[in-house]
Amino acid sequence: MSFDLRAILEQYEADTPPAGGVPDWLRQSWSDPEGFATALAPAHVGRGAPFKSRAGQHYDFFHDLVGRHAATDRIALRTYERAKGWRTLSYRQLHEQATRRATAWAQLGVKPGARVCLLLHVGPELLVSLAAALGLGACVSLLPPGGRRFVARRLAALDPQHVATEPHQAPLLGPYAKCLLPTHVPSTPALASYTYKPGEAVGLLFSPLAEPPHVPVPLRAEDAWRGALVDGLLTFGLAPGEHLAAPGFHTLQHLPALLFTTMLRGATFLHLEPADVEASPTLLTEHPVRALGVTPALRDVLLRTRLSLKNVGHWFRNPEGAFDWQSWRDWVTQCGLTSVPCANVLVDAAAGGAVLCSPRRVGDVHTEAAPAPGRSWALLDLNQSGQEAVGDTGLFTLLPSEGRPLSHIILSRAQGQYRYAGARDARREGRVYPATEVTEALREEPGPALTTSVLPVPTGGLGDEHRYVLLVFTRGQSLGAETSVSELRRRLELQLGAEFLPDRFEFFPLHPRFEEGQLDEAWCHRQYLTGALHHKLSDPLFQALTALRTQTLRPPGGTARDTPATRR
C-alpha cells in the first residue's frame, strides 16, 4: 500500500481530528504494518544518519538508538536529583560509556540472547546498561528495586544469566548474587553492535498489564522498533532534541518503550520523580517539554499550585486512568492549556509502545482512543471465546495473538470513532493488583498468624474504578500492635512496595471458612459484601461461637490456628 506521508504529518501537526471518523491511511496501516513502517522510516530519519535497521528484516537497536546520534551534542537523558539538581547524559557520553560497558560485559560472558536483568532505577546507569545490553544482543529485563519479595519472585521467574545493579542493591539478589555484572569497569571500547531478527526477543518484560504480572512477557524486536518509530514521529510528535516527560507513569508499563521512542528520534527523555514535582512543581517549567504525560495525581498537584505550563507543546493521559472530566477541565483552564492539544495514549511496553491513541485535540478532554497506527489487531468476543465480536464492542487484541497475554482492554466503536470502554476485570488503571502476592506476604513469618483476602470493590463513581479492600481475620484474637494498620502497611511496603498497599483495611476477630484446607475466598467476599461479617461482630451468638472455636483450636501455649475443618 502507498501512504501519503506529507498528508499524515500535516494532520498530526494541525492538531485537529479528521472529519468522518478514522482516516483511510490509519485503516491501511492496520492491515499493512510493515509497509507503513517502511514508508515512515525516511521521514523519521530526515537529514540525520540513516538507520541500519530494515522493517521486517533486521534491527540494530544500538546503532539506531545511540550510534546515529553520537556525533551530535544532543541530550539523551535529563534527570533531577534534590542534592545535585539537574543532570544530563548526552548521546556522545552514552555511546562512549555503553561501548566500554558492553566490551567489559562481553569479556564476562554476556552473549546474544543472554537474559540480562537491569535492577536499576531510572537514571544514567539504567540507560548506559540498557544500551550496552542491546549492543551485545541480550534479551533485556527491567526491574526497578523494590520490596524483597517482589524482586525475589520476579528474579526466580526470569532466572537471569546476568544482573546489573548498584552495589547497595546487591542484598536483593539472593541466589542471583553470583550473576552480578560490574557497572564501573575500565576497558578499551570495541563493539560491533548486534542485529536482531524480527521475531527475536529483545526483552523479557514484567508487564503490570499481564496476568500474572510476575511472569515475564517477551518483546519481539520488530514490535519494539516499529512502536518506537511510530510513537516518536506521530504519537508524541517529537523532533530531535525535544523533551518527552511522563512523571509518575508506571515504570514497568511504560519502559523501555518511552526510552526507545525518544532515543530513536534523537530526542531527550526528561525524568522527574513524582515526589520532587510535588515538592517543587516549577521543575516542570524549567525546560520546554514537547510531550508531557499527566497522571491524575500530577494533575491534582498542579491544580493546587495553579502552575502555568506555557512550555508544554502537547500533553497526554492514560485512558485507563480515572476520568474525572470536571477535574481535567479545571486543570486545563487553570494551567493555561486551553489552546494546547491533548490526546489519550495507552502504552504497553511489552507490546512495543502505544497500543491505543487518539488524535490530538486542542483544549478538549475526551475519551477517544483508536488502535495505534501500524498495529494489526482484532475486536474479539467479550466472553473470551476467541471469535470475533458480533457487535461494536469487544476485547481489543493485538495480532498475532500467540505468545501475548490475554487482552483486558474493552474497545467500542460508534460512527467511525473508537473509545476505551473499560477493562474485562477489576484493575488499577489497567494494571493487575497482585492479590495473591499481598496475602502471601502477610502470611510470611515473622509476624502474627493472619488469614487475609483481597476484595476489589467498584467505587460507583466516574470511570471503571475499583478500590481494594484487605479483609483481615484475626481468628478470635483482639487487635494488638502487631496487627495494626500501620504494622501491616509496613510489612507490605517492606515485602512488595508501597504501590501494592490496599485502599482499605477491614479487621474481623472471626474465623473464616476453609474448604479442603484452602481459604474459601468466595465465602469471605460474599460475607463482606452482604454485611454479614459486620453483623456477626455484634451478634452475641457469634461472639460466643468465636470464643469457643478459638479455645478449641488454640494449641497449648500457642495462638489459634485455622484447620481444614473450620466451617461457618
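Is there a residue being in a helix (DSSP H, G or I), open to solvent by 30 Å² or more (accessible area, probe 1.4 Å) and farther than 27 Å from Ala192 by Cβ anywhere in segment 38-58? Yes, segment 38-58 has at least one match.
When we screen Leu406, Leu494 for residues that are surrounded by fewer than 19 Cβ atoms within 10 Å (Cβ to Cβ), at pLDDT 90 or above, in contact with a Ser or Thr (Cβ under 9 Å, 6 or more places away or on another chain) and not in a strand (DSSP E or B), the only hit is Leu406. Those helices (runs of 4 or more DSSP H) of segment 234-290 in which at least 3 residues are within 25 Å of Cys117 (Cα to Cα) and open to solvent by less than 10 Å² (accessible area, probe 1.4 Å), considering only elements entirely within it, cover 257-265. Remark: pairs (first residue in segment 86-115, without any contact (Cβ under 8 Å) to a residue 24 or more places away in the chain; second residue of a type in the set (D, E, K, R); Cβ separation under 9 Å; 6+ apart in sequence or on different chains) = Thr88/Arg78; Ser90/Asp73; Ser90/Arg74; Arg92/Asp73; Arg92/Arg74.
Which of the residues belonging to segment 515-540 are open to solvent by 20 Å² or more (accessible area, probe 1.4 Å), within 30 Å of Arg154 (Cβ to Cβ) and either within 35 Å of the chain's Cα centre (by Cα) or at pLDDT 90 or above (or both)? If the condition is that a residue be open to solvent by 20 Å² or more (accessible area, probe 1.4 Å), within 30 Å of Arg154 (Cβ to Cβ) and either within 35 Å of the chain's Cα centre (by Cα) or at pLDDT 90 or above (or both), then Gln518, Leu519, Asp520, Glu521, Ala522, His525 are the ones that fit.
Condition check for Asn344 on (1) modelled with pLDDT of 95 or more; (2) in contact with a helix residue (DSSP H, G or I) (Cβ under 8 Å, 6 or more places away or on another chain); (3) not in a loop (DSSP other than H, G, I, E, B): one failure, at (2). Restricting segment 291-315 to residues that are among the small types (Gly, Ala, Ser) and not in a loop (DSSP other than H, G, I, E, B) leaves a set whose member that is most open to solvent (accessible area, probe 1.4 Å) is Ala297. Does Pro145 fit the bill of being touching a residue at least 40 places away in the same chain (Cβ under 8 Å) and on the phi < 0 side of the Ramachandran plot? No. Glu211 falls short on exactly one of the conditions (1) within 24 Å of Asp60 (Cβ to Cβ); (2) open to solvent by 10 Å² or more (accessible area, probe 1.4 Å), and that condition is (1).
Within segment 322-336, not a single residue is assigned to a loop (DSSP other than H, G, I, E, B), open to solvent by 30 Å² or more (accessible area, probe 1.4 Å) and within 30 Å of Glu402 (Cα to Cα).
Every test in (1) part of a helix (DSSP H, G or I); (2) open to solvent by 50 Å² or more (accessible area, probe 1.4 Å); (3) farther than 17 Å from Tyr12 by Cβ is passed by Ala71 save one, and that test is (1).
Residues in segment 392-403 that are without any contact (Cβ under 8 Å) to a residue 40 or more places away in the chain and either farther than 15 Å from Asp223 by Cα or not in a strand (DSSP E or B) (or both): Asp392, Thr393, Gly394, Leu395, Leu399, Pro400, Ser401, Glu402. Going by the conditions given, is Gly386 surrounded by fewer than 19 Cβ atoms within 10 Å (Cβ to Cβ), more than 25 Å from the chain's Cα centre (by Cα) and part of a loop (DSSP other than H, G, I, E, B)? Yes, satisfied.
Listed by position, the helices (runs of 4 or more DSSP H) enclosed by segment 74-186 that each have at least 2 residues that are open to solvent by less than 60 Å² (accessible area, probe 1.4 Å) and touching a Pro at 6+ places or on another chain (Cβ under 8 Å) are 91-107, 148-158. Here segment 411-434 is the region considered, the condition is being modelled with pLDDT of 95 or more and among the hydrophobic types (A, V, I, L, M, F, W, C), and the residue that is surrounded by the fewest Cβ atoms within 10 Å (Cβ to Cβ) is Val432. Only one of the numbered conditions (1) of a type in the set (Asp, Glu); (2) in contact with a helix residue (DSSP H, G or I) (Cβ under 9 Å, 6 or more places away or on another chain); (3) modelled with pLDDT under 95 is violated by Asp64, and that is (3). For the criterion of being more than 21 Å from the chain's Cα centre (by Cα), modelled with pLDDT under 95 and on the phi > 0 side of the Ramachandran plot, Arg306 passes. Here Asn318 clears all of (1) without any contact (Cβ under 8 Å) to a residue 60 or more places away in the chain; (2) out of contact with any helix residue (DSSP H, G or I) (no Cβ under 8 Å at 6 or more places or on another chain); (3) open to solvent by 10 Å² or more (accessible area, probe 1.4 Å) except the condition numbered (1).
The number of residues in segment 361-383 that are in contact with a strand residue (DSSP E or B) (Cβ under 6 Å, 6 or more places away or on another chain), open to solvent by less than 10 Å² (accessible area, probe 1.4 Å) and in a loop (DSSP other than H, G, I, E, B) comes to 2. Scanning segment 497-552 for residues that are among the β-branched types (Val, Ile, Thr) and assigned to a loop (DSSP other than H, G, I, E, B) yields a total of 1.
The values are calculated or read from the model by the stated rules, or taken from the named source; none is laboratory data. Bear in mind the structure is a predicted one, so any value in this text is a computation, not a measurement. Backbone-built Cβ (ideal geometry, glycine too); neighbour counts: all protein chains shown. For the accessible areas, the whole protein counts, side chains as well, though only heavy atoms, and no ligand, DNA or RNA atoms are used. Shrake-Rupley method; radii C 1.70, N 1.55, O 1.52, S 1.80 Å.
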